There are 2 protein chains.
Amino acid sequence: MLDQKRVVIDYISPTINNGDFPIKRVVNEIVNVNAHVLADGHDEIAASILYKHENESDWNELRMSLAYNNEWNGSFEVQKQGYYTYKVEGWIDYALTWQHGIIRKIEDYQLVTSELLEGVDLIKSILNTVTKSERGYLENLQKIFSNKESYEEAILEAVSDKLHQIFYKYPKKKLVNSSSEFQIYVDRLKARFSTWYEFFPRSASKKEGVHGTFKDCIKLLPRVVEMGFDTLYFPPIHPIGEVNRKGKNNSTDAFEGDVGSPWGIGSKYGGHKDIHSELGTIKDFKSLVKKANGLGLEVAMDFALQVAPDHPWVKEHPQWFKWRPDGTVQYAENPPKKYQDILPIYFETEDYKNLWKETLDTFMYWIDCGINIFRVDNPHTKPFYFWNWIISEIKKEHPDVLFLAEAFTGPKIMQQLGKQGFTQSYTYFTWRNSKHELIEYVEELTKSEQREYMRPNFWPNTPDINPFHLQGANESKYIQRYALAATLSSNVGIYGPVFEYMIDDSLPNREEYLDSEKFQITHYDWNKKNNLISIISKINMIRKDEEALQQTNNIKFCHIENDNLIAFYKWNDDKSNEILVIINLDPYSVQSGSMQLPLAELKEFEQGLPVQVYDFISGNGYNWYDEWNYIELQPELPLHIFKINK
Amino acid sequence: MLDQKRVVIDYISPTINNGDFPIKRVVNEIVNVNAHVLADGHDEIAASILYKHENESDWNELRMSLAYNNEWNGSFEVQKQGYYTYKVEGWIDYALTWQHGIIRKIEDYQLVTSELLEGVDLIKSILNTVTKSERGYLENLQKIFSNKESYEEAILEAVSDKLHQIFYKYPKKKLVNSSSEFQIYVDRLKARFSTWYEFFPRSASKKEGVHGTFKDCIKLLPRVVEMGFDTLYFPPIHPIGEVNRKGKNNSTDAFEGDVGSPWGIGSKYGGHKDIHSELGTIKDFKSLVKKANGLGLEVAMDFALQVAPDHPWVKEHPQWFKWRPDGTVQYAENPPKKYQDILPIYFETEDYKNLWKETLDTFMYWIDCGINIFRVDNPHTKPFYFWNWIISEIKKEHPDVLFLAEAFTGPKIMQQLGKQGFTQSYTYFTWRNSKHELIEYVEELTKSEQREYMRPNFWPNTPDINPFHLQGANESKYIQRYALAATLSSNVGIYGPVFEYMIDDSLPNREEYLDSEKFQITHYDWNKKNNLISIISKINMIRKDEEALQQTNNIKFCHIENDNLIAFYKWNDDKSNEILVIINLDPYSVQSGSMQLPLAELKEFEQGLPVQVYDFISGNGYNWYDEWNYIELQPELPLHIFKINK
């Protein structure tokens, strides 16, 4: 193909798989675009970012600036939810090339009469696009440039910044090259900043031995809100299968009164669109959702796409399950492990279109009931393209809906779920314990391409994971783990009240809770207060005020000469909010060391003036005059959260 | 889109700009493909590379193997010149998933009667594709699996490696996912391995003051061949412009008898398809090309797409030049510099199609005269897409033709020329002098994506560059520079006899030769021999025998505890040839230090046995028993080229 264009555009970032997937942002977030823009020869090049929201028909144009070595930059803010499209275009700027040349020639005392005439032509080419007053100025320039009598004046005008500004403002684009188009999906802020609390509604009753209900849950809402959480997540609330129901501690023998696993969904009482009757009615549930919303709390629903053997789908849609040559149905398994209370969905069914549509319909049903957040159970055991379709379809109508991927599996699988559309992802934070592990992992999440599509959600524990380092841990360790999760990541969650009550008995040598609520009801004294609750609440309140902690990617770890002390600096996009967090990772001893302030990064650091810091935790303020500062943290209160230049 | 596929294929390498450009190889070279292949759930995945030459209609299939973490690898060899296409496909292997599961269950003492019946079905699905003997075996297995009496035998057979091999060999592909297609352009070996010698034919006469001719050049061919060069490159051989001809040392005043710059192409005697009459006739030139070829030497032509003011094109195609408002033609310039003897081509002309076609036609003319290699002058001042088209069109008919891009400019510009189709590229080697600079640059060329599309050609000097480090340098320095160029890079060239005669007077404080042959004829004693010539010849002979030196990318720098000693290990693809080069970078003093053998990389290293090395330079052999070995190099003979395990 004979393509006469001269500008080449290459290596645009951020992009994911060359545009196969959108990058992710939330409203009012910045997109920093970088591209290589080059051309043959010595001409001046210009480049723009063109972007628009899906509801806009015209492109917004933003001029890029040359950083170095043919790398161009530009930034814009996305202000609305939904899809944005952007691309880069580049062209030769003939007028600026002309001015650049004539300046050099005039400096070299060359006669530029002929060049001035070229200037006249260049001015002519933009005369119809400029304002009236600019037009007057330019027409006068044409006269001066054409007249040998006014040569001295002409060369002063030719090199002027005023002319430069006009040429820059009104480029005469010719042979423009445009890149492919790339997409950004913009979510509401909650996609990036959320504080989750999980509990089992069936344990909500204040009376021992009584099955908790949604009404009991309503009474617990103020407790959750006072702790500073904004998202209340319940394990599945659907009818629990009765066939092959699991007993306590995952026993295959259930006894009379055993309540089974809420993830064993479906029975003669209904399936994924129904409510487990012991929790209450759909009306009770809607009332709970409404009351929670009134308190600033969203309810997140568990979406576990699997069924108990007595789920209505098994009879209504037998083709959605795999039937074996001996006529039995395929149970869930990961050989040699068997999950006798669960049937997996057979995604390779020929009837997959109806299956996908019913799944979509189920999501839509709960969205209509007021649910805007789904924690999706084991998404990695269902096809990636299925999720892509489901999430896209829902987002088209309900852009507020968010999806948290509960996948603890290989890194590329978890990343792929993020690419395919999940809003947030569970992470390996649960097992990252040492300073080295934490830094390495957070750097991977925030400095690699993953920052553009995978939003981590840090959970110190879940009903499935009672990590070894929490088993038998003291209060200091619990404080550390929550502080790390809630300050390293802007999305955080705990499984309570197990976490804040420091209940951590486990099955022997396993990261599984003993007498897990997954298989039984637990009775708690929900009114009990403790120091850990106070600190969690305080950290959550700080997060609500400090934008630097409402995002994950802007982070820089600080040198601190002690492997038991971790320190990091965080900031919001315009650096109007800057936070420095320091945590003692040793639950038993005081730790001290010298910490290097990231002076080059601080927004308003001036040599000679102190860096003022205020510690939200102790309430103390300091003036730091030096780059290196002494830090000492007791295990009892193992953290500083400093606001910088408050 | 409801896409039922379960396998996802991601991050295929090597690819350039997601397939916008082909990667490059030469015949019999290996392509190592890596891809992320993943799926939901716990099933066994399989993946293949499919590849074919442009003349083949069927894909060749090569099974990939899992390295770790969903990364799959496979390698194939490209055997023919021209384009290859490749892609990756992935699928769920149900039969191997079944076998993997039944093995785990049998180990766990579970009853697998139902699984065996599934095995019968899986066998059935491939029965029509296997060989006759395999069919017999499989039909018998079906009986065994179906019969409860033979359960013990069945479980032995179910887990057997024989069954595994058959299932692996005959995958029943379903819901296969295929990646996009990527291209490879395969050149002849010379694209990767070439040894260039440049001289000015007009200086070829043995008589002082006489203009050299092609006939004189023919007499010099044995000298070039004896030095071990395989490519003879001449500056332009076309009529030299007479208007604004340059005088000696780039003076704008030419005097009677001044020969002008051969890059000022075109006069009343002709243009790009004509021969400068003082060099001889087209017949003489063809005769030279033929004689050179007979000696194993290819002649490379300079292709400089620019004209002197009196080039025929200026009258015949005035629209191919830029005319200024005052009626004059635009001369080449880079303000404030002017090139009065050169007019640039106006690529933005509306008549560009004819311009492009005439350029193509010019290349084709010289190809028909026997030229298969072009050194393209300043390609970066002509549009990238123009070169892409020109090179593609030529390669379609003449895949043997190679293009060396003479662009000394910004790195991304040089890289882009490689992407757009240039076979080889001049590099910054000319200015990379210290150990640190050399390692950093070679690592960039060979370890980054550039390795796939930019083939460096290392020149210690050119008529345009008399680098500061060679000005006044001693013989040792010249040896070092040639040795570095010819062993670090498999493509190398010198501008002679200036280089081997160590002529390095310069214009003051400039990297420009004094009395440059670009503007005058120089008289040389072409028969003069020296030590530098012997060493260059020896290095070139070693390169001809040792495949490890016929490629650039397989290189590993070795630790050596002296900043004046550089050491590197090179190998051919199958490591049947392994070379270790050590060079003293200090031209004045003996240097010594301890060098670490890259034991982990050596093909056949066995703990306890010595590494046998033979030095081509000194003729000495050594047995090295330790990882660290003492090295000492005199400035007089500042290099070792060791063959390993000879």
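Values quoted throughout were computed directly from the atomic coordinates according to the rules given, and no laboratory measurement underlies them. Note that the structure is predicted; figures quoted are calculated from it, not measured. Note: ideal-geometry Cβ built from the backbone for every residue, glycine included; neighbour counts use all protein chains shown.
Structural remarks
- Cα centroid separation, the range A:602-639 to the range A:334-409 (Å): 47
- Out-of-range pairs (alpha-carbon distance over 18 Å; input B:246/B:337; B:143/B:173; B:322/B:382; A:412/A:435; A:570/A:643; A:357/B:173): B:143/B:173; A:412/A:435; A:357/B:173
- Partner shielding of A:3-15 amounts to 4, given as the average count of beta-carbon atoms from other chains within 10 Å of each residue beta-carbon.
- Share antiparallel - DSSP beta bridges, chain A, percent rounded to 5: 70
- Each copy carries a label point for residue A:620 at 7 Å from Cα along the beta-carbon vector; from one copy to the others these points are 6.7 nm apart, nearest first.
- Charge context of residue A:502, other residues only, Cβ under 10 angstrom, K/R +1, D/E -1: -2
- Loop-located GluC sites (Glu not before Pro) in the range B:483-577 (DSSP state other than H, G, I, E, B) with a sparse environment of at most 10 neighbouring Cβ atoms within 10 Å are absent.
- Evaluating 6.51 cos²θ - 1.76 cosθ + 1.60 at θ = phi - 60° for every residue in the range B:332-339, the Karplus couplings come out as 5, 7, 9, x, x, 6, 10, 10 Hz, glycine and proline recorded as x.
- Label spacing, shortest first and in nm, from residue B:472 to its equivalents in the remaining copies (7 angstrom along Cα→Cβ): 7.6
- Straight-distance candidates among the lysines for linking to residue A:169, with alpha-carbon spacing under 19 Å and chain neighbours fewer than 8 residues away dropped: A:124, A:132.
- Inter-label distance for residue B:632 and residue A:574, nm, one decimal - labels placed 7 Å from Cα along Cα-to-Cβ: 6.9
- Between copies, the label points at residue B:348 (set 7 angstrom from Cα along Cα-to-Cβ) are spaced 6.0 nm, reported in nanometres from shortest to longest.
- Excluding exposed DSSP-loop chymotrypsin sites (Phe, Trp or Tyr not before Pro) (at most 12 other C-beta within 10 Å), longest clean stretch of chain A: A:256-587
- For B:297, A:599, order by how many other beta-carbon atoms lie within 10 Å, fewest first: A:599, B:297
- Counting neighbouring beta carbons within 10 Å and listing from fewest to most, the residues B:644, A:345 come out as A:345, B:644.
- Normalised by residue count, the protein assembly as shown yields a Cα convex hull volume of 225 Å³ per residue.
- Note on chain A: Cα-only Rg and Dmax are 30.6, 109 Å.
- Taking every C-alpha pair closer than 8 Å and separated by at least 6 residues, the mean separation divided by the residue count of the range A:95-170 gives a relative contact order of 40 percent.
- In terms of other Cβ atoms within 10 Å, B:604, B:444 run from fewest to most in the order B:604, B:444.
- For the rotational copies B and A, the chain B residue with its Cβ nearest the relating axis, together with that separation in Å, is B:18, 2.
- Of the trypsin sites (Lys or Arg not before Pro) found in the range B:48-113, those that fall in a DSSP loop while having at most 16 other beta-carbon atoms within 10 Å are B:80.
- Per-residue shielding of B:35-45, expressed as the average number of other chain Cβ atoms within 10 Å of the residue Cβ, stands at 5.
- Note on the range B:460-507 and the range A:277-296: Cα centroid distance 83 Å, given to the nearest whole angstrom.
- Rounded Å value of the spacing that divides the Cα centres of the range B:424-450 and the range A:72-97: 33
- Taking trypsin sites (Lys or Arg not before Pro) across the range A:184-289, the ones in a DSSP loop with at most 10 further Cβ atoms lying within 10 angstrom of their Cβ are A:207.
- Secondary structure note: in the protein assembly as shown, about 70% of the DSSP beta bridges are antiparallel.
- Those lysines that a straight Cα-Cα span of less than 20 Å connects to residue A:291, excepting residues fewer than 8 apart in one chain: A:190, A:206, A:215, A:219, A:283
- Partner shielding of B:114-121 amounts to 3, given as the average count of beta-carbon atoms from other chains within 10 Å of each residue beta-carbon.
- Helix-derived mean residue ellipticity, 222 nm - over the protein assembly as shown, DSSP H n ≥ 4, -39500 (n - 2.57), to 500: -8500 deg cm²/dmol
- Computed from the C-beta positions of residue B:588 and residue B:206, the FRET efficiency with R₀ = 45 Å rounds to 0.80.
- The alpha-carbon of residue B:575 sits under 19 angstrom from the alpha-carbons of these aspartates and glutamates, leaving out residues fewer than 8 places away in its chain: B:29, B:77, B:545, B:546, B:547, B:601, B:604, B:606, B:615.
- Residue A:54/residue B:165 FRET efficiency (R0 60 Å; Cβ-Cβ; nearest 0.05): 0.70
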